Amino acid sequence: MRQLIFLIFSLIINIIVSQTVSNIIPKPIDTQIAIFEKDSDLKNASISFLAIDVSDGTTVSELNPDMSLIPASVQKAVTTATILELFGSGHRFVTKIEYNGEIDSNGVLNGDLYITGGGDPALGSRFYKDHYGNFISAWADSVEKIGIKTINGRIIADESIFPVPVVPGSWTWSDIGNYFGAYASGLTIFDNTYELSFSSGLKNGDSTRIDSIIPKIPNMVFLNKVKSSDNNSDNAYIYGGPYSDFRIIHGTIPKGKKDFRIKGSIPNPALLAAEFLKEKLIAKSINIVGETTTSLMLELDNNIDTLPRKTITQTLSPTLASLVNQTNMVSYNLFAEHFVKHLGVKRYSCGDTYSGTMAVENFWASKGIDTKGMYINDGCGLSRMNVITARQICGILSYMYKSKNKKVYFESLPVSGKSGTMSSFARGTSTDGKIHAKTGTISRVRSFAGYIEANNGKVYSFSIIVNNFNCSSNKMKKKIETVLTALMKS
């Protein structure tokens with residue numbers, strides 16, 4: 001009996017001692033966060049950090065977890081989580097070829113031919129060439145197959161699922177003319193992106209020449225102010241808004257180059273889709289009497305058609321699971337902007353950005369996330385008016401770890417040292433393959449959010465956002481690598 005009492009007493013003492021020691025000796029992450037906070041490069045910075053054990057929701061470490069900060073592309077982790085939950089991973093978006101009126105015995109369509117956009121973000125995308133194949137030729141084949149020889153009307157590209165304004169109001173002018181600022185159209189095509197091929201002079205400051213545009217866009221006009229430079233990188237920016245065929249290009253490209261390419265946003269992708277289909281139909285000797293136009297252009301002319309339509313054929317997108325994977329893996333703005341607009345359609349029957357962002361905020365509020373301090377202005381994170389807290393992001397991540405969409409979501413996040421935008425993150429270190437995370441980078445913003453497999457076998461959801469640091473973005477990334485390495489050891 002005395003021996004049993006002694007054993008129980010010893011056990012109690014050991015528990016008390018171990019708890020006391022754990023409270024005295026800080027975890028590696030707490031030590032590193034203290035160092036991080038005092039870093040001279042972060043003297044003027046704002047930091048929000050939180051790590052949570054996904055198994056029980058306990059806090060592993062934190063620093064200002066309720067501070068609202070600009071997340072940059074970490075916003076995509078929120079957008080993709082929301083659309084997976086509301087649409088399901090197997091959802092596909094549909095583009096239809098339709099017509100109104102009647103086809104007579106001579107093969108004359110006395111009506112209009114429609115390309116009815118369903119907000120497919122990937123139609124003709126470079127990421128899905130095998131999936132779509134030569135889809136425009138297939139559309140033309142289907143028109144020919146039902147016996148149409150003449151269209152006694154127009155080819156109308158219907159983009160109305162996503163209404164104007166097409167660009168979030170908080171995007172900057174210097175972004176929207178470039179490929180990363182391509183807007184989400186109800187009838188997106190070829191990533192809503194064109195390439196300009198340049199030749200540059202042999203000396204610094206020489207003029208440059210635009211040799212070609214791919215794909216060819218009718219009526220596009222460029223004022224080329226780009227100069228040749230000793231700097232061996234692309235520092236040219238395209239300025240111009242949606243629906244405008246005029247573009248100004250400023251900046252520099254490397255000197256002595258042939259076929260040096262920069263990418264811009266297509267000003268009117270829906271109209272371009274109609275033009276491409278028209279070309280294919282003419283090649284089949286199908287006569288088109290009317291002009292190509294769009295639903296928006298008809299709306300401007302107060303000429304909206306309400307006649308019933310008949311479907312000729314349809315084109316399905318890849319699954320949402322695949323689109324989400326591509327969005328997070330390469331941090332693709334265009335897809336994320338489509339997603340947020342579809343959320344507006346789903347929740348409020350309106351495909352504008354405001355409705356979509358409201359849908360995101362309200363959805364997570366309904367799941368128990370305290371959304372005070374969450375202000376969302378787009379789907380991709382390009383807006384500097386987006387703010388969110390580390391606690392909110394970690395809450396969403398923890399929710400998704402227990403969701404039926406867990407596998408799809410988890411595998412969409414780039415892996416440290418291995419894939420996507422995390423391929424160079426801490427490569428060759430102990431964190432290789434241990435972190436699945438979405439990255440975020442815009443001027444003076446660095447952010448990471450995702451999951452980390454700790455050395456103790458536990459999985460933590462984490463979010464770290466830093467705004468207004470006084471060092472290079474790459475140096476900031478190295479500092480965050482140190483923080484996450486310490487988190488893995490905690």
Open item on the list: Just to be sure I understand, how many residues within segment 232-259 are at pLDDT 95 or above and more than 23 Å from Tyr183 (Cβ to Cβ)?
Closed with: 9
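Residues checked against (1) out of contact with any Lys or Arg (no Cβ under 8 Å at 6 or more places or on another chain); (2) free of Cβ contacts under 8 Å to residues at least 40 places away in the same chain; (3) of a type in the set (S, T, N, Q):
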position: Ile286; (1), (2), (3): no, no, no
position: Leu296; (1), (2), (3): yes, no, no
position: Thr313; (1), (2), (3): no, no, yes
position: Ser317; (1), (2), (3): no, no, yes
position: Leu320; (1), (2), (3): no, no, no
position: Leu323; (1), (2), (3): yes, no, no
position: Gln326; (1), (2), (3): yes, no, yes
Task: Matching residues in segment 204-229 - criterion: being loosely packed, with under 14 Cβ neighbours inside 10 Å and hydrophobic (A, V, I, L, M, F, W, C) - done: Ile214, Val221, Leu223
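Given Ile115, Ile47, Ile70, which one is among the hydrophobic types (A, V, I, L, M, F, W, C), touching a helix residue (DSSP H, G or I) at 6+ places or on another chain (Cβ under 6 Å) and crowded, with 19+ Cβ neighbours inside 10 Å? Quick ask: steps written out before the conclusion?
Values: Ile47 fails: touching a helix residue (DSSP H, G or I) at 6+ places or on another chain (Cβ under 6 Å); Ile70 fails: touching a helix residue (DSSP H, G or I) at 6+ places or on another chain (Cβ under 6 Å).
Ile115 is the lone residue from the list that is among the hydrophobic types (A, V, I, L, M, F, W, C), touching a helix residue (DSSP H, G or I) at 6+ places or on another chain (Cβ under 6 Å) and crowded, with 19+ Cβ neighbours inside 10 Å.
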Open item on the list: If a residue must be more than 14 Å from His250 (Cβ to Cβ), of a type outside the set (A, V, I, L, M) and not in a loop (DSSP other than H, G, I, E, B), how many such residues does segment 166-190 contain?
Closed with: 4
Open item on the list: One residue is enough: does segment 196-203 have a residue meeting the conditions surrounded by 21 or more Cβ atoms within 10 Å (Cβ to Cβ) and either within 26 Å of Pro242 (Cα to Cα) or within 25 Å of the chain's Cα centre (by Cα) (or both)?
Closed with: yes
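Tell me yes or no: at least one residue of segment 357-364 is closer than 18 Å to Asn333 by Cα and modelled with pLDDT of 95 or more.
Taking segment 357-364 and keeping what is closer than 18 Å to Asn333 by Cα, we get 357, 360.
Filter once more, so that each one left must be modelled with pLDDT of 95 or more: 357, 360.
Yes: segment 357-364 contains one or more residues that are closer than 18 Å to Asn333 by Cα and modelled with pLDDT of 95 or more.
Any residue in segment 230-239 that is surrounded by 21 or more Cβ atoms within 10 Å (Cβ to Cβ), in contact with a Gly (Cβ under 6 Å, 6 or more places away or on another chain), under 22 Å from Arg126 (Cα atoms) and not hydroxyl-bearing (Ser, Thr, Tyr)?
Our first condition is that a residue be surrounded by 21 or more Cβ atoms within 10 Å (Cβ to Cβ); within segment 230-239, this holds for 236, 238.
Filter once more, so that each one left must be in contact with a Gly (Cβ under 6 Å, 6 or more places away or on another chain): 236, 238.
Add one more test, that the residue is under 22 Å from Arg126 (Cα atoms), and what stays is 238.
Those left that are additionally not hydroxyl-bearing (Ser, Thr, Tyr): 238.
Checked against the condition, which is being surrounded by 21 or more Cβ atoms within 10 Å (Cβ to Cβ), in contact with a Gly (Cβ under 6 Å, 6 or more places away or on another chain), under 22 Å from Arg126 (Cα atoms) and not hydroxyl-bearing (Ser, Thr, Tyr), segment 230-239 yields at least one hit.
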Task: Failed item, numbered, when Glu275 is tested on (1) of a type in the set (Asp, Glu); (2) more than 29 Å from Gly133 (Cα to Cα); (3) not assigned by TED's automatic domain parsing to the domain that holds Ser423 - done: (2)
Open item on the list: With the requirement that a residue be touching a residue at least 12 places away in the same chain (Cβ under 8 Å) and charged (D, E, K, R), what does segment 403-453 give you?
Closed with: Glu411, Lys418, Asp432, Lys434, Lys438, Arg444, Arg446, Glu453
Task: Qualifying positions in segment 365-381 - surrounded by fewer than 24 Cβ atoms within 10 Å (Cβ to Cβ) and touching a residue at least 40 places away in the same chain (Cβ under 8 Å) - done: Gly373, Met374, Tyr375, Asn377
Task: Complete set of residues in segment 110-143 that are among the small types (Gly, Ala, Ser), under 23 Å from Glu291 (Cβ atoms) and under 25 Å from the mean Cα position of the chain (by Cα) - done: Gly117, Gly124
- [ ] With the checklist (1) in contact (Cβ under 8 Å) with a residue 60 or more places away in the chain; (2) farther than 30 Å from Gly457 by Cβ; (3) among the basic types (Lys, Arg) in hand, flag the one item Lys129 doesn't pass.
- [x] (1)
Open item on the list: Anything in segment 360-373 that is within 15 Å of Ser463 (Cβ to Cβ) and touching a Ser or Thr at 6+ places or on another chain (Cβ under 7 Å)? List them, or say none.
Closed with: Trp364, Gly373
- [ ] For segment 33-47, indicate whether the set of residues that are more than 30 Å from Ala273 (Cα to Cα) and part of a strand (DSSP E or B) is non-empty.
- [x] yes
Task: Residue selected from segment 127-163 under the condition assigned to a loop (DSSP other than H, G, I, E, B) and small (Gly, Ala, Ser), by the criterion nearest to Thr95 (Cα to Cα) - done: Ser160
Open item on the list: Please determine whether any residue of segment 369-380 is under 15 Å from Leu84 (Cα atoms), touching a strand residue (DSSP E or B) at 6+ places or on another chain (Cβ under 8 Å) and not assigned by TED's automatic domain parsing to the domain that holds Gly118.
Closed with: no
Open item on the list: Ala437 - would you say it is assigned by TED's automatic domain parsing to the domain that holds Val54, under 16 Å from the mean Cα position of the chain (by Cα) and crowded, with 24+ Cβ neighbours inside 10 Å?
Closed with: yes
Task: Elements of type strands (runs of 3 or more DSSP E) contained in segment 211-300, each with 3 or more residues being within 25 Å of the chain's Cα centre (by Cα) - done: 235-239, 260-265
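Search segment 399-420 for residues being within 18 Å of Thr82 (Cβ to Cβ) and of a type in the set (Lys, Arg), and hand back the single one that is surrounded by the fewest Cβ atoms within 10 Å (Cβ to Cβ). I'd like the intermediate steps shown before the answer.
If we filter segment 399-420 for residues that are within 18 Å of Thr82 (Cβ to Cβ), which is where we start, we get 399-413.
Okay, now just the ones that are also of a type in the set (Lys, Arg), so 402, 404, 406-407.
Working: Lys402: 9, Lys404: 12, Lys406: 13, Lys407: 11.
Checked segment 399-420; the qualifying residue surrounded by the fewest Cβ atoms within 10 Å (Cβ to Cβ) is Lys402.
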- [ ] Count, please, the residues in segment 269-290 that happen to be more than 15 Å from Leu123 (Cα to Cα) and of a type outside the set (Lys, Arg).
- [x] 11
Task: Considering residues of segment 140-153 that are crowded, with 17+ Cβ neighbours inside 10 Å and touching a Phe, Trp or Tyr at 6+ places or on another chain (Cβ under 9 Å) only, the residue nearest to Tyr354 (Cα to Cα) - done: Gly153
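The values are calculated or read from the model by the stated rules, or taken from the named source; none is laboratory data. Values in this document were obtained by computation on a predicted structure and should not be read as measured data. No Cβ is skipped: glycine too gets one built from the backbone with ideal geometry, and neighbour counts run over all protein chains shown.
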